[in-house]
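Novice: The structure follows.
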Amino acid sequence: MRKAFASVIMILTAVLCVCIFFARRSRKPIGRNVAALIAALIPPMIGNLLIIMTQDHLVADIGSYMYFIGMDLIMFFMARFTIRYCNIERYKPLLYVIYLLLAADAIQLLINPVFNHAFDHEAIEFDGAVHWRLVPYMGQTFHRVVIYAVLAILLIRYTVMTVRSPRVDAERYFVILLAMIVTALWQTFYIFSRTPIDRSMIGLGVFGLLIFYFALYYRPVRLLNRMMAGIVGEMPEALFFFDTNGKCIWANEPGVSMTGILPGEFPAAKEALEKRFGDVDMEDEWTRRFVEGRGENARYFLLQRKPVQDRRTPVVGSFLRIRDDTEEQRKHARERFLATHDPLTGLYNREFLYEQIRHLLSSQPDRRWLIIFHNIKNFKIVNDVFGNEFGDHVLRRVAAWISEDMPEDTVYGRLAGDTFGVCMPADQFDEELIERALTGAVIRQDSFEYAVQIHLGIYEVVDPEMDVSVMFDRARLALSTIQDNYQKHVAWYGEEMRTDVIRRQQLSGQLTDAIAKQQIVPFLQPVTDRNGTVVGAEALVRWIHPERGLLSPAVFVPVFEENGMIAEMDRSMWRSACEILARWNRDHPELFLSVNISPKDFYFVDVSAEIRNLVKEFGLAPEKLRLEITETVMMTDEEKHLAVINELRSAGFLVEMDDFGSGYSSMNMLKDIPLDALKIDMKFLSRSSEETKTRRILQMIVGLAEDLGLVSVIEGVETEEQYRLLAGMGCRLFQGYYIARPMDVDSFEAFLEQRTGLHQ
């Protein structure tokens, strides 16, 4: 019996040595811990082997020391292994306590030869020979308490890990826990049974093999397979697995649903797949796309087939994955559409329209082309009155009109806001038909109805290489010729428009320099009373251009009114007027000067502060600088502008309404604007053939001014007859060519001296 047991122990020891070799070569971080733990198992097994085989008392003592010290080593390395294997680094302080207990036990065992306190041996007969049986003392009891205490700590740790860990990890913890319990019980049985042979050493060897396998090589294949099956079964893609003969052996739920087979009848899936998607039994790995149906109802699928291999056999089967790619494809199609199309109207967006026009012009360079700029007039009113929803409806309807019955080789799109662009062959454009179609165009939605006014600016392409955006700029420029025309809808670009634009740009660029060089100057037109005495003048702007000579205000004032530079020019005129009045303070203190205030000045300048500061700077009486405004000042921001006018009148300035009678709301303005004088335009008389009626209306206006305490100033008096007629009506002041044309300051002062001499 001894020899049989010894043979088993030696074989286990040899196997454990092999395990140590492979554990140390393992790439896993825990490999060295496994090797150390297995190595610690060998001394107790060899010590036990010595005890069994020897008949010598000394050898039996040596075997016992190897056995007991070896058990301490086992607990030591088992604790280290557990910390790493269970990933519980936070318990390292407990590890140090275990180390201390084991070290104390090892020391007390090593000093047993001196004090003989731990154990001894007694001779008994076993298996026909002498056997040295262990006689335990107090030190041996301490040893067992330490070993079982450490063992209890480790068993508790593995129990907790088994209960709390996921199932895939709990299995490996449970196997080690079970092996430890079995080995411990086996060892306990040996201790209390007092049998000569410690068969628990076999359990210790088996325990080492289990540690080696579960720590380094074990994979819970069945559990993993169940988990993978559960994961695959819940995937949205359809999955089909085939054996080496191409027979379907399994499919997940989406696959069963896709093929319409009954659950479990997997072989029928292949026929259903080939009927729907074509051949799916091709060799090797492949991927292809499949489109089912057409148009908006089309469905898109991605099919991928891959072989399955293992280490022994090149191919053990294959799997087919089918993904319904419809939503993703539709999303990509939508993204591609939005990259080139306007989302509201469905037409090309501006960038893609320009690209398509460029391609069209370059592909047919010998053909005549038109660039058409569509604009919905006063579209802001639609949104303000009817709301954004109806405004969007208007844009969609206009886009539909543009796209209806468009000839071949035509591209069109939405440029921005309420503007659209078209490029079409010139020979396909019918202006009369367009005019008829746009006349009386109405858009309706529910209870809303809007008479839409669409203007078309047209540029005929002369240079196909020109930037497309410049072409549309020219087409848009043509709209300025019909901006206020509700009867005409089509305007053509002419080269004179471009010349005019360049001229305007040049003038705008030269204004600052012209003011600095005093090329912008005031011309004065005298104002007289009924007796012909000059009482003042109106300062009218003139530009003495170094290249073009004396420029009329009609040439440059409208340009500056449009771009807002009128404020810069007016500030220069106000300062010039103050300089003249300051010079007149000595020789002509009775004279006043009138200056114009443009409606745009109120937006770009603090009019009140600017004019009050000028008068203060030059030491002038405010009533000497009269301020002329037009009724258009009150067309916008009436409350704000009215406050400015009141502030100026409170400071002592006199305010005159210029061009009274030339607008549409002058009578309404009289009751709202605080005024000191009315400047009545003589064009009021010239616009009517009803001379008697006109005179009576004029007489009424002059009388109304008198009743309101306003001074009436008649502008544009050109003949002596007009002068006498107006004087007879009670008009106080007169201005016009009959008296004098506008003149420079020196000429005005000479004229003043002349008139003064005549009256003397």
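The values are calculated or read from the model by the stated rules, or taken from the named source; none is laboratory data. Being a predicted model, the structure only gives us computed values, none of them experimental. A quick note on method: Cβ atoms are made from the backbone with ideal geometry, for glycine too, and the neighbour counts reach across all protein chains shown.
One line per residue, one yes/no per condition, for (1) of a type in the set (S, T, N, Q); (2) modelled with pLDDT of 85 or more:
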| residue | (1), (2) |
| --- | --- |
| MET180 | no, yes |
| ALA184 | no, yes |
| GLN187 | yes, no |
| PHE212 | no, yes |
| ALA229 | no, no |
| GLU237 | no, yes |
| THR244 | yes, no |
| LYS247 | no, no |
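Novice: Right, here's the next one. Within the stretch 9-28, is even one residue touching a Cys at 6+ places or on another chain (Cβ under 8 Å) and part of a helix (DSSP H, G or I)?
Specialist: No, there is no match, as no residue in the stretch 9-28 is touching a Cys at 6+ places or on another chain (Cβ under 8 Å) and part of a helix (DSSP H, G or I).
Novice: Restricting the search to the stretch 350-372, which residues are surrounded by 19 or more Cβ atoms within 10 Å (Cβ to Cβ) and either farther than 24 Å from VAL490 by Cβ or touching a Pro at 6+ places or on another chain (Cβ under 7 Å) (or both)?
Specialist: Matches in the stretch 350-372: LEU361, TRP369.
Novice: Related question: From the set of residues in the stretch 702-742 that are among the small types (Gly, Ala, Ser) and assigned to a helix (DSSP H, G or I), which is surrounded by the fewest Cβ atoms within 10 Å (Cβ to Cβ)?
Specialist: GLY728
Novice: Mind checking whether some residue in the stretch 34-47 is touching a strand residue (DSSP E or B) at 6+ places or on another chain (Cβ under 8 Å), part of a helix (DSSP H, G or I) and either hydrophobic (A, V, I, L, M, F, W, C) or at positive phi (or both)?
Specialist: The answer is no, given that none of the residues of the stretch 34-47 is touching a strand residue (DSSP E or B) at 6+ places or on another chain (Cβ under 8 Å), part of a helix (DSSP H, G or I) and either hydrophobic (A, V, I, L, M, F, W, C) or at positive phi (or both).
Novice: Ok, one more. How many residues are at pLDDT 80 or above and under 27 Å from PHE429 (Cβ atoms) when one looks only at the stretch 495-514?
Specialist: Final tally of qualifying residues: 0.
Novice: Taking the conditions exactly as written (within 17 Å of LEU593 (Cβ to Cβ), surrounded by 12 or more Cβ atoms within 10 Å (Cβ to Cβ) and in the same structural domain as ILE544 (by TED's automatic domain parsing)), does VAL745 satisfy them or not?
Specialist: yes
Novice: So for the stretch 73-89 (the condition being among the hydrophobic types (A, V, I, L, M, F, W, C) and over 30 Å from LYS28 (Cα atoms)), does at least one residue qualify?
Specialist: Within the stretch 73-89, not a single residue is among the hydrophobic types (A, V, I, L, M, F, W, C) and over 30 Å from LYS28 (Cα atoms).
Novice: Looking at the structure I just gave you, is SER608 closer than 24 Å to THR636 by Cα and in a strand (DSSP E or B)?
Specialist: It is false that SER608 is closer than 24 Å to THR636 by Cα and in a strand (DSSP E or B).
Novice: Additional query: Just to verify a result, which residue in the stretch 715-731, among those that are closer than 15 Å to ILE680 by Cβ and of a type in the set (D, E, K, R), is farthest from the chain's Cα centre (by Cα)?
Specialist: GLU718
Novice: In the stretch 116-136, what count of residues is obtained for those that are under 22 Å from ASP105 (Cβ atoms) and not in a strand (DSSP E or B)?
Specialist: 3
Novice: Can you find even one residue in the stretch 587-594 that is in a helix (DSSP H, G or I), of a type outside the set (Phe, Trp, Tyr) and either on the phi > 0 side of the Ramachandran plot or crowded, with 22+ Cβ neighbours inside 10 Å (or both)?
Specialist: no
Novice: Name the pairs whose Cβ atoms lie under 7 Å apart, with the first residue in the stretch 474-489 and within 16 Å of ILE502 (Cα to Cα), the second of a type in the set (Val, Ile, Thr) and surrounded by fewer than 16 Cβ atoms within 10 Å (Cβ to Cβ), and 6 or more positions between them or separate chains?
Specialist: The qualifying pairs are LEU477/VAL501.
Novice: Is it fair to say ILE434 is more than 25 Å from GLU355 (Cα to Cα), touching a His at 6+ places or on another chain (Cβ under 8 Å) and outside any helix (DSSP H, G or I)?
Specialist: Here the answer is no, as ILE434 does not meet what is asked.
Novice: Right, here's the next one. Return yes or no: is ASP56 in the same structural domain as LEU210 (by TED's automatic domain parsing), surrounded by 14 or more Cβ atoms within 10 Å (Cβ to Cβ) and farther than 24 Å from GLY203 by Cβ?
Specialist: So ASP56 does not fit the description; no.
Novice: Out of the residues in the stretch 289-315 that are of a type in the set (D, E, K, R) and farther than 20 Å from ALA251 by Cα, which is modelled with the lowest pLDDT?
Specialist: ARG312
Novice: Still on this model: Assuming LYS377 fulfils every condition listed in (1) among the charged types (D, E, K, R); (2) assigned by TED's automatic domain parsing to the domain that holds VAL470; (3) exposed (fewer than 15 other Cβ atoms within 10 Å of the Cβ) apart from one, which condition is it?
Specialist: It fails just one condition, (3).
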